[in-house]
Structures are given as C-alpha cells and as structure tokens.
Amino acid sequence: MGTDSTLNALTPGGADTKLNKKEIAMPVQTRGGALALTLLGSVALSACASKAPKQLPPDPGAAVSTDTSGGAGMGVATPGSQADFVATMMGQDTILFDTDRYNIDSTDQTALAAQAAWLIKYPAKRATIEGHADERGTREYNLALGERRANSARNYLLSLGVDAARLGTVSYGKERPVALGSDEDSWSRNRRAVTVTID
Amino acid sequence: MTSVKRILTSLSILPALLLSSAVQAQEAAPESAEEDVVGTLSNDTVVAIPAFATNAEAATQTSAGSTTALGNALAAIVADDLRNNGFYKPTGPAGLPRPALAEIQTPAYGTWEGRSAEMLVQGYVRANGDGQLTVGCYLYDISLKQRLAQAGWTVGPGEWRRAAHKCADMVYSRLSGENPFFDSRIAYIAETGPKDRRMKRLAIMDSDGANHTYLTTGQTIALTPRYSPDYKSILYLSYFNGAPRIYIIDPASRAQRLLFQSKNPLFAPRWSPDGKWVLYSMATGGNTDIYKIPAAGGTPTRLTDSPGIDIGGSFSPDGKRIVFESDRSGSQQVYVMNVDGTGQNRISFFGGRAATPEWSPRGDQIAFTHIAGNFRIAVMSPAGGELRHLTDSWQDEAPTWAPNGRIIQFFRTARGSGRTGLWQVDLTGRNERKLTTPVDGSDPSWGPIQP
C-alpha cells in the first residue's frame, strides 16, 4: 500500500463495508421456497430461547440510515443480490451470542440454515461473516472474540454444505455497534455475527 | 527530527554555567520513598519559575516569537509540565518579576524568599546566528542559597518546546530522584463521529499535547498504535483493504508498509524494548495466538498454542519475559511466559477478569485493566501480588506507562455516548486528570524519553 497522507478525505468508515442493517419490515417473499418458509416458521417459535429476543425496543436515536445494502422495502430486490438476501433472511442474517461466548445454539442453527439455503441457491455468491462484540470488553480481546464468533458461524455454514472458498470472516470487535445504548438490551444485540453477501 | 543537543562545553555568553551536569546532581539526590512520587520533598513545595532571560531581543523562527516572548513561553511550559502532572506548586511566569540575564547565575534570593518560594527555576534563551536556539536552565534551593542543577541545550526552531520539557525533566528529576519523562511523545487514536460509525485516526503529540498531528485520514479504522523505542516507527492496526492487519508507519514521511502479508487477521502489535522484535496476535480458524517476528522481516515464531484467545503481550524491560492475557481458563486473565514461549504461568487471581497487561519500564510492576463490574486501571507485581486499583470509573482500559514508570495513561469511555478520552493517573491514584486532545481519544501509547 502507499502512504496515507491525504488529510482531506474524511469519509467515516470508507473501507468498512459493513453498513447499518435495520430490521427489514417487508412482506415475506416466498422465493426462498418451502425450506426457507419452514425455517422461518421455526425461528419464530424459538426466538425467545436463552438469548435476547429480536423484538426489542426501537433503536435509541436514528441509526445512520445509509443502508445501500438493499433498497429493501422499496419494491422487489433482484434475486440473488444482497438486498434479496437481507429481505429473505428477515433478520436471520444476524445471529447473537451470550457474553464472552461463541457457541452456536438452536436459534443460531435455524438462522444459519436459512442462510445456507440461500447461499446454496445462489452458488456464485460469496459472503463475509462479520463478527462483533459488545462494548463491555477490552478492545483487543474483543477483536479476537469477534473473529471467533464469525468463525463459529462460518464453520456451521460449512457443515451445511456451503463451499469454504465462498465464505470469509472479518471482526470489528466492539468498534461497530448496531445498538447504541449502554445496557443489557443493546449489548445482547451487539454480540453478533452478521452474514453479508458480496454483490 | 533532529535531536536536542545537550551542551557539554562552554558557552560564549555564560561560560561558567555548564560545568556540572544535571545527571550528576541527580545521582546525589536521596532515594525516594516507595510510592512517593515527590521523593523527600513535599508536594506543596512552591517552585518559582519566572520568565527566562535573554541576552538580546531577537526574532526567532519559532512559533513563540521573539527571544523575549520565547523566554516567557519556555518558563510557562516548565510550570505547566509540573503543575499538570501534580508535582509541586509552580508559580509563574505570570506575576513574577523577570530576572535580568546577570541574575540567572546569581539569583536575587531575597526577592524569592519574600515571595514564599522554596525552589527557583531560572533560565535564559539565546538566538544563534544559524537559527538555532540555546536554552539554559538552572534550579536553585532558595533557603540554602544553593544551585541544585543546571543544564543547557541547543535546539532547532521547530523543537523549542523540547528545551522546556528537558528543563522540567531536570527540575523534576533533581527534586524527586525519579527518572525524567516530560520530553516524550504519545501516539493514540483520535475519535470522532457517532457511536456506531466512529472515525478512528492515528495521531501523535508531545507529552503535553502540543505538536499534535494526524497520521491517517480516517477512511479506514486505525487502532492500537505503539511507538517504537526510537520514535522512528509506529506499529498499529488498520482495516486498510477491509481486514485487520498490522502496519508500520514512519511518522515523519507517513510512508507505511504491512508488517507482513497474511491471510489471517492480525491484532495487538507490540515492540520489544530493543525495537528488534514485534509481538503480535494472529487468529487462525477463530483461535488467536501470540507470535513474534523480527521487525525487519523474517520468520514468525509461535509463542502460545492454547485453544483460547491469547493476545496483548508486553515485554519486560530486560526483554526476557512477556506478560500477556489469555482466556484459556474460561475468562481473560494475565499470564507471564519466557520470551521463547516456555513457562506460561497465570499471575492474576483477583476475581473478575484481568486484561491488557503492560510491563512497567522499571520492571517492578504490571499495569492492567481489572474487570470486576467496572473497568479499572490497576497495578500488580510481576508475581501477581500487591494489587492496587488506581482508577474507579465505568470503563477505563489500555494502560500505557510513562517512560519513568511513575505515571500511567489510559482511555476512559463514557457510558451511553461511548465517547472516549485520554486520562492519566500517578501511582498513588490521587493525581488523575484528563489530557487535552483536539477530539476524543483512545489507545494511548507513551514513548520513551527522547535523547
């Protein structure tokens, strides 16, 4: 790489490809087929297991809404696009973890199965799994913890038949929270691994 | 950066002043009591620091202006260094009479006694023909009517503040018996923007916050810098190209390169005390271990192989041991190992978690983040005893030692807003203050004393 000396370009997070993911309020697309519908049904039943529910109070403040991942909610996304993935997953592009943990529980398994079904349907798509931690850890440890979480998700996707060459990981530690509070609700939502397909 | 030249030979205008050195005087000082940062001298000692004299009013190429203005600015920096770090009770230069050049060697003791000052710092500045500046600094004990220390330096116009820091270091060292630390620099991460999209830029500054410079643009996340022992390089983590890797940047030219090419994420870079080795952590399949590699390039050596996260190593000052953190026991705890990776032993048994260990440059203590509810900066002995908490706030983390091992900087995160700031605390835990930075700051890395 070259020198990094242009001090006038102040775009925050320019190389940080993660964009803010909001809950997608969109009619269920049935293009996922029978498998996806079944899985979606099961996650609805199991969503309140040991982990924090997905249905939480609204985000405090308006999270930056520069979501270019989809234009979801604005018509039908192109099949096989990241927008389509987000719309189809209905929140299952993200799995959550307990404090300091990185194991895949039954809720996560359901979500990852949905992800795998979509990825197998679009075999040319590659994806990056972003691992995150909550703010109540030290910075460097959280980077390693996020990497460990992303790898847990990746390994489970591989076990479901997704080609290893298609899946990368990246950890952001505690540097990119999605929930902005300093409370258990926010921390539970920030301990996450998010699958982002690459358009 | 050109170095500050210590004057050891005679000067044309004040030939008798510079025969003895501050270093010799310092060796004669009594040993300080344990944990007593001010040695045998009361911290209430009033130190008068009038404006430095000059041989002639002359323009300079410094940001301070003429030699007269410069003399005032130099004294102000010396006073600020002492005051801001909780040492003694400096007064001046405002409100104090300005000594004439002839008084620099022969203070008007009566004048200063009348002002209830116990110590007196006087100095002079002279503009040389070549644009260089010569600064002399003298410390007197007013009641004893005795000169305690003196030194002089020649500096370039861009480094004039360093002469003041050297003077403050001379005064502090002579009065406390401790090693100097003011003439040093800090690398850190400057933070701006909302909590979910914080911009994180690598920045550097003098120990007092002056000469602040951003080294990266903020287009990619920068984290965890570490100044090299010679100040010529900074190791840090960058998401350039989208993934966390370790870069080495030259703060002067801003040229940078990868520490080495890797398909795996790399974290937590650290220098060895001699600058020849770099410790880092690498995740493979989610498992993070500590490695070392020659700073100039070469073959990495793996030092840990536990299935847990091993990260954040810090060398002992003799370079023989490494303190690091590992969650192999189930939670973050601090371990010590030999530099070849043998003899790994846990040393933290305090309840809660123990993270981000940093070995003191004196070798006698390890600073770390103790997580038991809140995040607090603490110190312990290298054997894991003598736990002492230095701070008590919601989230303090990532300690870095002053070059003399008597002060610790860290960063504090505010609950809710996530805003960060650089703070420092002395080893008594009593003198705590926030550093002034242009924007929020985190991950301070305090470099060594400059030559």
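Restricting attention to the stretch B:359-378, the residues that are away from chain A (no Cβ under 14 Å) and either crowded, with 24+ Cβ neighbours inside 10 Å or modelled with pLDDT under 95 (or both) total 2.
Only residues that are touching a Lys or Arg at 6+ places or on another chain (Cβ under 8 Å) and modelled with pLDDT under 95: list them for the stretch B:419-433, please. Once the filter is applied, which keeps residues that are touching a Lys or Arg at 6+ places or on another chain (Cβ under 8 Å) and modelled with pLDDT under 95, the stretch B:419-433 yields B:426, B:427, B:429.
Tallying residues that are touching a strand residue (DSSP E or B) at 6+ places or on another chain (Cβ under 6 Å), under 28 Å from residue B:81 (Cβ atoms) and not polar (S, T, N, Q) within the stretch B:207-223 yields 3. Residues in the stretch A:147-199 that are at positive phi and touching a Leu at 6+ places or on another chain (Cβ under 8 Å): A:173 only. Applying a threshold of 7 Å to beta carbon distances and a minimum spacing of six or more residues, or different chains, the list of pairs starting in the stretch B:183-203 at a residue that is facing another protein chain (nearest Cβ under 7 Å) and surrounded by fewer than 24 Cβ atoms within 10 Å (Cβ to Cβ) and ending at one that is in a strand (DSSP E or B) and of a type in the set (A, V, I, L, M, F, W, C) reads B:193/B:199. Considering A:144, A:153, A:164, A:179, the condition of being more than 8 Å from every other protein chain (Cβ to nearest Cβ), of a type outside the set (Val, Ile, Thr) and touching a strand residue (DSSP E or B) at 6+ places or on another chain (Cβ under 8 Å) is satisfied by A:153 alone.
Going through B:218, B:209 one at a time, which residue ends up being within 21 Å of the chain's Cα centre (by Cα), in a loop (DSSP other than H, G, I, E, B) and over 16 Å from residue B:295 (Cβ atoms)?
Every option except B:209 fails the conditions.
Of all residues in the stretch A:86-100, those satisfying the criterion of being of a type outside the set (Asp, Glu) and in contact with a strand residue (DSSP E or B) (Cβ under 6 Å, 6 or more places away or on another chain) are A:94, A:95, A:96. If you go through the stretch B:226-263 and keep only what is basic (Lys, Arg), surrounded by fewer than 16 Cβ atoms within 10 Å (Cβ to Cβ) and under 21 Å from residue A:172 (Cα atoms), you end up with just B:263. Applying the criterion of at least 2 residues that are of a type in the set (Phe, Trp, Tyr) to the strands (runs of 3 or more DSSP E) found wholly in the stretch B:394-451 leaves B:407-413.
Against the numbered list (1) within 27 Å of residue A:134 (Cα to Cα); (2) away from every other protein chain (no Cβ under 12 Å); (3) crowded, with 20+ Cβ neighbours inside 10 Å, residue B:351 comes up short only at (3).
Residues that are modelled with pLDDT of 95 or more and under 21 Å from residue B:184 (Cβ atoms) are absent from the stretch B:342-350.
The residues of the stretch B:307-363 that are basic (Lys, Arg) and over 25 Å from residue B:294 (Cα atoms), listed by number, are B:328, B:346, B:353.
Filter the strands (runs of 3 or more DSSP E) completely within the stretch B:226-304 down to those with at least 2 residues that are within 14 Å of chain A (Cβ to nearest Cβ) and small (Gly, Ala, Ser).
The qualifying strands (runs of 3 or more DSSP E) are B:277-284.
Do you know which of the residues in the stretch B:322-340 that are surrounded by 18 or more Cβ atoms within 10 Å (Cβ to Cβ) and part of a loop (DSSP other than H, G, I, E, B) is nearest to the other protein chains (Cβ to nearest Cβ)?
Result: B:332.
Residues of the stretch B:375-403 that are polar (S, T, N, Q) and closer than 22 Å to residue B:188 by Cβ: B:391, B:393, B:395, B:400. When only residues in the stretch A:107-141 that are hydroxyl-bearing (Ser, Thr, Tyr) and within 14 Å of chain B (Cβ to nearest Cβ) count, which is farthest from residue B:352 (Cα to Cα)? Among them, the one singled out is A:128.
Tell me, yes or no, whether the stretch A:95-102 has at least one residue that is away from every other protein chain (no Cβ under 14 Å) and either at pLDDT 95 or above or more than 18 Å from residue A:152 (Cβ to Cβ) (or both). Yes.
Rundown of residues vs (1) over 14 Å from the mean Cα position of the chain (by Cα); (2) modelled with pLDDT under 50; (3) of a type outside the set (A, V, I, L, M), yes/no style:
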{"position": "A:47", "(1), (2), (3)": "yes, yes, no"}
{"position": "A:50", "(1), (2), (3)": "yes, yes, yes"}
{"position": "A:54", "(1), (2), (3)": "no, yes, yes"}
{"position": "A:57", "(1), (2), (3)": "yes, yes, yes"}
{"position": "A:66", "(1), (2), (3)": "yes, yes, yes"}
{"position": "A:77", "(1), (2), (3)": "yes, no, no"}
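Considering only residues in the stretch B:214-225 that are of a type outside the set (A, V, I, L, M) and facing another protein chain (nearest Cβ under 10 Å), the one that is surrounded by the fewest Cβ atoms within 10 Å (Cβ to Cβ) turns out to be B:214.
The values are calculated or read from the model by the stated rules, or taken from the named source; none is laboratory data. Bear in mind the structure is a predicted one, so any value in this text is a computation, not a measurement. Cβ atoms come from the backbone with ideal geometry, glycine included; neighbour counts cover every protein chain shown.
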